[in-house]
Amino acid sequence: MQTIRLQLRFLLPLIAVVIATAYLVLPLVDGVTLRWFARDLDSRGAVVANALSDSVVEAIRANRPKQLEKLFERALQDERLFAIGLCSPDGQMLVRTPAFPTELNCFDALQISSRRDPRLMLNGGPVHVAMHDVIDQPHPVAVADAASDVASAPPAAGASAADNGVAVAAAAAASEATAQTAPVTVGRLVLLHDLSFIEKRSQDTRRYLVGLIAALGLVMALITMVVAQLSWRGWVLGVRALLRGEGIISPMTGSSSATSVELQPFAADLRERLRDLEDEYRRMQGPEADWSAERLQALLMTQLRGDQVIVVSNREPYIHEHGKDGRIVVKRPASGLVTAVEPVMRACSGTWIAHGSGDADREVVDANDRVAVPPGQDDYQLRRLWLTAEEEQGYYFGFANEGLWPLCHVAHVRPVFRESDWEAYKAVNQRFADAVVAEARSEDPIVLVQDYHFALLPAMVREKLPNATILTFWHIPWPNPESFGICPWRREILQGMLGSTILGFHTRFHCKNFIETVDRFLEARIEHEHSTISFREDETLVEAYPISIEWPADATIASWPSVPEARRIVRERLGLQPDTTLAVGIDRFDYTKGILERLNAVERLLEKHAEWIGRFVFVQVAAPTRSSLEEYKNFQERVERLTLRINERFGRPGYQPVHLLAQHHDSHAVNELLRAADMCIVTSLHDGMNLVSKEFVAARDDEQGVLILSRFAGAAREMTEALIVNPYHVEETADALHRAATMPAAEQRARMASLRATVREFNVFRWAGRMLTDAGRWRLKARVDARVARYRHAGDPDQRGL
Ligand code: F6P
């Protein structure tokens, strides 16, 4: 493609030059040929006139107009002579052949013949007009017998042969009177030459010239193309070879020249400098422009040179399960991680390694345990890893969810640390790390490690792939050093995480907690100003990257039911009055989500504001999660009991204040609920970010609805226009519910519009883009460091080559 463009760059000007040449040259050549022919005709005319001269003089002397006519007719046998006329010295037309135009008199003929272009247009075509004197040389006196032919008047236009006779007699008389001793002009021959043959020749010449110029142009174009092709290929091959460190490639042979070894340092330098320039250019473009899937793709292709992206997470983005009818159905899990990372993977392609947890997962994978997803779109590969029940119990339920989860959330649930769980956690981390290494197609892939399930994996991958760029994102909070210190394997966990190139948390607060934890438990060098930790050989950047959602595309929004429609459908489905004020909470059934606290607030609202009884309904969607764990079972029972109590206390026939929907809802159903609601309640006791709050805002293109948000959710830092509450403060939360239920539409609009602008801008592509941009910068820094080290090593202390 590039070659074609290059050739066109040569060819187009060339074609333009050829056309311009043709335009300029053709009229010039035309003029010259015409002048040639005119001159040729003049000389031919002179010859004819000379040849006729004596006979004409004789005929005039003899006063024989008929003889003149015959004479002229004979002369006309020359194919190019069109007509002949004879003028008297005083400008009277004496004789003319039949084709001679009657409207052409002697004066006009004289005028035309003396022009530079003596052409006259007749009906039959152009003629060339030339005049030649007929000279009577001195001669002995001869008496003409012409009395009967004498006439005094000149012939009128359209005169016949008889008329010609009268005029010739007059001319003869004039001749007799003056001639004898000196040459006398007895008349002027007017020769009209047919020019149509010249036109024809001129056309032939033009055609020939156009052909010639076109042929020449074509030959030149071909030569240019071949030369350009050869030199471009040569350059491309050469530069490519240099960039690969192979030396110069001959454009003819395509093989590397013998000088490649000497050129290798130059090639490496060139390669690195090109990359630096490109990175600089990318940075100059600035991070402020909108982030989209396309921009993320472009970033990957440029700053990260299209390197392979591998994601590792416990939860898989698509779960294949057997439906009730035995057919395989695909489910999207209720997971903030999946909500955020999936659109990024769709944009980046690559491979996502995750635990295959669906009961039909094995039936759809290929021999390498891979399946292309999303179903029907096949944007990236999902590589499934199978865990035994023991592995899952120890690594997932045990260490990750009974140990690290409560440890990091500080939600008043005691963490449990068992040695066997730790062993399983280590083993499973190693299995996933091995899978990353197996999936890597280069020595420096970009590995995106997700969450607390894989604290050890970064160092394990680093060991096998030292040049990999490992970005670990911790989706849950990081506690203070004292809280974290109760983990028996705190040092191992920190060391494992410090295998990352970049370690991301949702907030600066969590970054600070992590750095302080490392400071407390490891011998590491911490650069607070740059937020970096150097541990052993490796350096890790610890940075805050608030996660987000994909902002819905216009087409997606168009496919949603309208808000009034969604309100109607949901209220009908739940058996609510059309004017019911509806509050929704959408969570995994997890003790960190503050579901008990929000139920307490609903109860308090109904106590404080009895006017809401019968008019206010709270719907809690609670997707089952980790249900085999005791803490979760207990928690679910407590929520069910509290729900029952509130419903018993305030319920009426046809009115149930709390609806607990403890089932998985797909994204369509969740969206419908969010659009139907008057408010969304997010009261997490501790949450890394909480994406439901952002999904609510994205769902409300009508700019109505109120978000009640826990100050302990990471989202509260960005979404300040929400009603921010302390979920432990029942009174405050109940008041927020009342305020939301009575908030004027204009205030709702102002708050919602502002929230929407924030979430649209700080979308998930920005989250991934910022991390990947930092990764690109990090890689650049590593390259420069390596270059400096090389020059030092090569004994170039001045580092002139840098
Ligand atoms: O909050 C941490 C997290 O990993 C989320 O990213 C995700 O929503 C949830 O936990 C997933 O839980 P699980 O995969 O155990 O159901």
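The values are calculated or read from the model by the stated rules, or taken from the named source; none is laboratory data. On a predicted model such as this, the values are computed, not experimentally measured, just so you know. Don't worry about glycine lacking a Cβ; one is built from the backbone with ideal geometry, like all the others, and counts go over all protein chains shown. Accessible surface areas use protein heavy atoms only, side chains included; no ligands, DNA or RNA. Shrake-Rupley method; radii C 1.70, N 1.55, O 1.52, S 1.80 Å.
Has the range 488-502 got any residue that is of a type in the set (Gly, Ala, Ser), more than 16 Å from the ligand (Cβ to nearest atom) and out of contact with any helix residue (DSSP H, G or I) (no Cβ under 8 Å at 6 or more places or on another chain)?
No, the conditions are met nowhere in the range 488-502.
Filter the range 351-365 down to the residues that are closer than 21 Å to residue 625 by Cβ and hydrophobic (A, V, I, L, M, F, W, C), then identify the one that is nearest to the chain's Cα centre (by Cα).
Initially, the range 351-365 is screened for residues closer than 21 Å to residue 625 by Cβ, giving 352, 354-361.
Next, only the ones that are hydrophobic (A, V, I, L, M, F, W, C) stay: 352, 354, 360.
Working: 352: 26, 354: 32, 360: 39 Å.
So the residue we want is 352.
In the range 370-410, which residue that is farther than 30 Å from residue 506 by Cα and over 44 Å from the mean Cα position of the chain (by Cα) is surrounded by the fewest Cβ atoms within 10 Å (Cβ to Cβ)?
Ranking the candidates gives 389 first.
Being more than 14 Å from the ligand (Cβ to nearest atom), among the polar types (S, T, N, Q) and touching a residue at least 40 places away in the same chain (Cβ under 8 Å), is that true of even one residue in the range 368-379?
Within the range 368-379 (the criterion being more than 14 Å from the ligand (Cβ to nearest atom), among the polar types (S, T, N, Q) and touching a residue at least 40 places away in the same chain (Cβ under 8 Å)), the answer is no, since none of the residues qualifies.
Only one of these conditions is not met by residue 413: (1) open to solvent by less than 10 Å² (accessible area, probe 1.4 Å); (2) in contact with an Asp or Glu (Cβ under 6 Å, 6 or more places away or on another chain). Which number is it?
It is condition (1) that residue 413 fails.
I'm checking my understanding of the structure. Among residues of the range 428-444 that are free of Cβ contacts under 8 Å to residues at least 60 places away in the same chain and open to solvent by 50 Å² or more (accessible area, probe 1.4 Å), which one is nearest to residue 386 (Cα to Cα)?
Looking at the filtered set, the residue picked out is 431.
Can you list residue pairs whose Cβ atoms sit under 8 Å apart, with the first residue in the range 294-317 being basic (Lys, Arg) and the second being outside any helix (DSSP H, G or I)? Count only pairs 6 or more apart in sequence or on different chains.
So the pair list comes out as 295/289; 315/333; 315/335; 315/354; 315/355; 315/357.
Is it true that residue 756 is charged (D, E, K, R), within 23 Å of residue 337 (Cα to Cα), outside the structural domain of residue 347 (by TED's automatic domain parsing) and at pLDDT 85 or above?
yes
Just to be sure before I move on: is residue 367 at pLDDT below 95, assigned to a loop (DSSP other than H, G, I, E, B) and either surrounded by fewer than 22 Cβ atoms within 10 Å (Cβ to Cβ) or of a type in the set (Asp, Glu) (or both) in the structure I sent?
Numbers: at pLDDT below 95: no; assigned to a loop (DSSP other than H, G, I, E, B): yes; either surrounded by fewer than 22 Cβ atoms within 10 Å (Cβ to Cβ) or of a type in the set (Asp, Glu) (or both): yes.
Criteria not met by residue 367.
Restricting to the range 297-330, name every residue that is more than 16 Å from the ligand (Cβ to nearest atom), surrounded by fewer than 19 Cβ atoms within 10 Å (Cβ to Cβ) and assigned to a strand (DSSP E or B).
322, 328, 329, 330
Which members of the range 611-627 meet the condition of being within 12 Å of the ligand (Cβ to nearest atom) and open to solvent by 70 Å² or more (accessible area, probe 1.4 Å)?
Within the range 611-627, just 624 meets the criteria.
Looking only at the range 165-195, which residues are exposed (fewer than 14 other Cβ atoms within 10 Å of the Cβ) and at pLDDT 75 or above?
The answer is 182, 183.
Given (1) farther than 20 Å from residue 694 by Cβ; (2) assigned to a loop (DSSP other than H, G, I, E, B), identify the lone condition not met by residue 547.
Among (1) farther than 20 Å from residue 694 by Cβ; (2) assigned to a loop (DSSP other than H, G, I, E, B), residue 547 violates only (1).
Looking at 334, 354 in this structure, which one is modelled with pLDDT under 95 and within 16 Å of the ligand (Cβ to nearest atom)?
334
Just to be sure I understand, how many residues within the range 695-706 are farther than 20 Å from residue 568 by Cβ and either part of a loop (DSSP other than H, G, I, E, B) or within 13 Å of the ligand (Cβ to nearest atom) (or both)?
1
Sort out which residues of the range 380-422 are more than 29 Å from residue 330 (Cα to Cα), away from the ligand (no atom under 13 Å from the Cβ) and not in a helix (DSSP H, G or I), and write them in order of number.
Selection gives 410, 412, 413, 414, 415, 416, 417, 418.
Can you name the condition, by its number, that residue 353 falls short on among (1) surrounded by 22 or more Cβ atoms within 10 Å (Cβ to Cβ); (2) free of Cβ contacts under 8 Å to residues at least 40 places away in the same chain?
Here residue 353 clears every test but (2).
Quick one: how many residues across the range 317-349 are of a type in the set (D, E, K, R), closer than 17 Å to residue 624 by Cβ and within 32 Å of the chain's Cα centre (by Cα)?
Count: 1.
So, residue 425, is that one within 16 Å of the ligand (Cβ to nearest atom), among the hydroxyl-bearing types (Ser, Thr, Tyr) and in contact (Cβ under 8 Å) with a residue 40 or more places away in the chain or not?
In short, no.
Among (1) over 15 Å from residue 773 (Cβ atoms); (2) within 16 Å of the ligand (Cβ to nearest atom); (3) buried (at least 22 other Cβ atoms within 10 Å of the Cβ), there is one condition residue 344 misses while meeting the rest; what is its number?
Only one criterion in (1) over 15 Å from residue 773 (Cβ atoms); (2) within 16 Å of the ligand (Cβ to nearest atom); (3) buried (at least 22 other Cβ atoms within 10 Å of the Cβ) is unmet by residue 344, namely (1).
If we only count strands (runs of 3 or more DSSP E) wholly inside the range 89-153, which ones have 3 or more residues that are at pLDDT 85 or above and touching a helix residue (DSSP H, G or I) at 6+ places or on another chain (Cβ under 8 Å)?
Those strands (runs of 3 or more DSSP E) span 93-96, 125-136.
If you go through the range 680-711 one residue at a time, how many are without any contact (Cβ under 8 Å) to a residue 40 or more places away in the chain and open to solvent by 10 Å² or more (accessible area, probe 1.4 Å)?
Result for the range 680-711: 1.
Is it the case that residue 614 is touching a His at 6+ places or on another chain (Cβ under 8 Å), at pLDDT 95 or above and small (Gly, Ala, Ser)?
no
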